[in-house]
Amino acid sequence: MRFVLNAAGNVAGILVFYASKVLAWIVNSGLQFQKITPDTEKRLRIVFPGMQFDKIRIVFNAWLPAHIFNKTIEGMTFRNRIYIAHGHVRHNHASLMLLIHELVHIRQILDMGEAVFACKYGAQFLRNGGYGAGMPLEKEANEFVNRVKSGGNQLV
């Protein structure tokens, strides 16, 4: 049974990931991709040394395909593109933590490749019955954010 769930998750992951990627691009095409500001990049380098921030683009106030399943999702990442459901991330601590969470997903995608990430994410989504902290990829991002939070106030 576990094999069937993994296989189904892999196939569903690929299909849903790339359909979501295209849907996010189409629905948010009227919004402008923005670079991470130099000030925010300087702060983020503390926790992401060596990351190529110049290749990352963000769309703020975006509609997220994940909202079909869960309206509380605040961000989605596809390769080096981040879609955020609300305004600029540099204005408050919680929003900066959301950006850090999404940057962990970018690092995951860069480490394993977009197709493998999509397969794993899909399998985890099915095994866990939807989005949640029980998904290992989400758990990794959440734990990273928690380590940053407990490391002091050096980012703010």
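Here the stretch 107-150 is the region considered, the condition is being in a loop (DSSP other than H, G, I, E, B) and touching a residue at least 12 places away in the same chain (Cβ under 8 Å), and the residue that is farthest from K55 (Cα to Cα) is G130. Where strands (runs of 3 or more DSSP E) fall wholly inside the stretch 1-91, the ranges with 1 or more residues that are under 15 Å from the mean Cα position of the chain (by Cα), among the charged types (D, E, K, R) and under 20 Å from L103 (Cα atoms) are 57-59, 81-84. Of the residues examined, T77 is one that is among the hydroxyl-bearing types (S, T, Y) and crowded, with 20+ Cβ neighbours inside 10 Å.
Total residues in the stretch 104-140 satisfying the condition of being touching an Asp or Glu at 6+ places or on another chain (Cβ under 8 Å) and of a type outside the set (A, V, I, L, M, F, W, C): the figure is 4.
Note on the stretch 80-105: among residues that are over 21 Å from G30 (Cβ atoms) and of a type in the set (G, A, S), the one that is surrounded by the most Cβ atoms within 10 Å (Cβ to Cβ) is S95. Name the single residue that is modelled with the highest pLDDT among those in the stretch 27-74 being surrounded by fewer than 18 Cβ atoms within 10 Å (Cβ to Cβ) and among the β-branched types (V, I, T). So, considering only residues that are surrounded by fewer than 18 Cβ atoms within 10 Å (Cβ to Cβ) and among the β-branched types (V, I, T), the one modelled with the highest pLDDT is V27.
The values are calculated or read from the model by the stated rules, or taken from the named source; none is laboratory data. All figures in this text were calculated on a predicted structure; none of them were measured in a lab. No Cβ is skipped: glycine too gets one built from the backbone with ideal geometry, and neighbour counts run over all protein chains shown.
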